[in-house]
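Each value in this text was obtained by applying a stated rule to the coordinates, not by laboratory testing. All figures in this text were calculated on a predicted structure; none of them were measured in a lab. Cβ placement follows ideal geometry from the backbone for every residue including glycine, while neighbour counts extend to all protein chains displayed.
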């Protein structure tokens, strides 16, 4: 019996140990597309659970609370733990090309999927943000 391509078709992009998933949670997968130079969503969090993503096209400026900002390129994966962690940036890092990425979120039905963080809270938590380039 010959071996199939399926045996070598899998590539692991990332592995993570997310926080526990609440009973009754559901998964939601979305595709987000930002035009060139778009700053993306304002600082926010996903209180209902973790989010796992993959950059399909372009370059994403990605920053989570406590981690330095980095640029993710097409073919790279990311995740965020959800809960109280602020997601500062998911904007398009290029002013020339479109950014498209997919995100799968595990959502506690008792929590909103996304909550924008206001300026007052950002100021209160600025000590938790990684140093920014000068």
Short to long, in 5 Å steps from zero, the percent of alpha-carbon pairs of the chain per bin is 2, 10, 17, 20, 19, 15, 8, 4, 2, 1, 1, 0, 0
Separation between the residue 30 and residue 120 pseudo-spin-labels, each 7 Å from Cα along Cα→Cβ, expressed in nm?
-> 2.5 nm
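Do you know the relative contact order of the chain, to the nearest whole percent, from alpha carbon pairs under 8 angstrom that are 6+ apart?
On the way: 293 pairs, mean separation 46.8, N = 134.
With pairs under 8 Å counted, the relative contact order is 35 percent.
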Would you order 60, 105, 28 from fewest to most other beta-carbon atoms within 10 Å of each residue's own beta-carbon?
-> 28, 105, 60
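Ranking 122, 106, 99 by Cβ neighbours within 10 Å, fewest first, what do you get?
With the fewest neighbours first, 122, 106, 99 line up as 122, 106, 99.
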For the chain, modelled as a GNM with alpha-carbon contacts under 10 angstrom, which of 96, 67, 124 fluctuates the most?
-> 124
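Counting other beta carbons within 10 Å of each residue's own, what order do 102, 11 fall into, fewest first?
Details: 102 14, 11 6.
Final ranking by Cβ density, sparse to dense: 11, 102.
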With the chain treated as a Gaussian network of Cα nodes joined by springs under 10 Å, which of 44, 26, 87 yields the largest mean-square fluctuation?
-> 26
Euclidean distance of C-alpha centroids, the stretch 37-73 and the stretch 83-103, integer Å = 4 Å
